[in-house]
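The values are calculated or read from the model by the stated rules, or taken from the named source; none is laboratory data. Keep in mind that what you see is a predicted model, and the values were worked out from it rather than measured. When we count neighbours, we look across all protein chains shown, and the Cβ atoms used for this are built from the backbone with ideal geometry, even at glycine.
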Amino acid sequence: MYTLPPTSPYRSLTSLILIGANLVPLVGVVAFGWDLWALLVIYWIEAFSTVLLGVVKSLFAERGSPDVVGQIEPLHELREKRGGWCPQPGWPPVYPRNIPFGVSMLGTWALTVIPPSALYWLSVDHTTVLSINLLLGIGALVIAHGSEFIVEYLGRREYTDVSAREILRTPAQLTFAVMFLAMLGAVVFR
């Protein structure tokens with residue numbers, strides 16, 4: 001018989017906060033007439049902040065990623081390094097072996113997501129005005145992700161059970177989804 005894995009009350013709370021934060025912009029568009037472009041900007045910023053937070057999380061991941069072979073990522077020499085550096089007392093160490101994974105993810109965004117996004121936003125005849133609604137949506141998402149990082153990842157020591165590769169799997173999937181949706185949007189909204 002299949003049973004659900006046990007969850008802590010903290011995990012449930014942070015999941016609810018993340019879901020609620022993601023609903024704020026959507027409810028704003030549907031119920032309060034927020035600009036649809038603002039919704040797109042908010043979710044793009046969330047995708048980017050998820051990638052940045054994933055990179056930061058990957059630096060603290062205690063488990064190595066021995067199944068990764070090859071030397072295609074930048075700074076691949078660091079994968080062989082052992083030990084870590086504590087950036088602040090009481091924090092977990094940053095492991096140099098995880099830096100290539102983070103640099104690769106940032107490089108992927110810098111080369112494949114940010115330039116097409118910028119070109120598209122510059123070519124579209126629509127401006128998104130910085131408003132309290134836009135700031136509320138962005139703030140809710142950033143605070144939700146930040147609290148999940150502090151409470152779950154650092155506070156509950158989740159970094160002890162994952163590798164950098166595992167951590168960056170979700171941001172990598174999100175990157176491909178953003179790229180796919182961008183291409184789909186470019187075709188549909190021509």
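For region 23-35, check the following and say yes or no: at least one residue is within 19 Å of T170 (Cβ to Cβ), at pLDDT below 85, out of contact with any strand residue (DSSP E or B) (no Cβ under 9 Å at 6 or more places or on another chain) and surrounded by 20 or more Cβ atoms within 10 Å (Cβ to Cβ). I'd like the intermediate steps shown before the answer.
Here is the first cut: in region 23-35, the residues within 19 Å of T170 (Cβ to Cβ) are none.
Looking for residues that are within 19 Å of T170 (Cβ to Cβ), at pLDDT below 85, out of contact with any strand residue (DSSP E or B) (no Cβ under 9 Å at 6 or more places or on another chain) and surrounded by 20 or more Cβ atoms within 10 Å (Cβ to Cβ), one finds none in region 23-35, hence no.
Within region 146-182, track down each residue that is assigned to a helix (DSSP H, G or I) and under 12 Å from the mean Cα position of the chain (by Cα). Lay out the reasoning, then the answer.
Of all residues in region 146-182, those assigned to a helix (DSSP H, G or I) come to 146-155, 158-161, 164-167, 169-182.
Once the filter is applied, which keeps residues that are assigned to a helix (DSSP H, G or I) and under 12 Å from the mean Cα position of the chain (by Cα), region 146-182 yields G146, E148, F149, I167, R169, T170, P171, A172, Q173, L174, T175, V178.
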- Which of (1) closer than 23 Å to T175 by Cβ; (2) surrounded by fewer than 16 Cβ atoms within 10 Å (Cβ to Cβ); (3) out of contact with any Ser or Thr (no Cβ under 9 Å at 6 or more places or on another chain); (4) at pLDDT below 85 does S117 not meet, given it meets every other one? (2)
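What residue, of I167, I138, I150, is over 30 Å from L36 (Cβ atoms) and crowded, with 16+ Cβ neighbours inside 10 Å? I'd like the intermediate steps shown before the answer.
Numbers: I138 fails: over 30 Å from L36 (Cβ atoms); I150 fails: crowded, with 16+ Cβ neighbours inside 10 Å.
After applying the criteria, what remains is I167.
One residue is enough: does region 86-101 have a residue meeting the conditions at negative phi, basic (K, R) and in a helix (DSSP H, G or I)? Please lay out each step first, then the result.
Kept after step one, since they are at negative phi, are these residues of region 86-101: 86-89, 91-101.
Checking which are basic (K, R) leaves us with 97.
Checking which are in a helix (DSSP H, G or I) leaves us with 97.
Within region 86-101, one or more residues are at negative phi, basic (K, R) and in a helix (DSSP H, G or I).
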- Message: Suppose the filter is closer than 27 Å to A140 by Cβ and either modelled with pLDDT under 85 or in a loop (DSSP other than H, G, I, E, B) (or both); does S58 pass it?
- Response: no
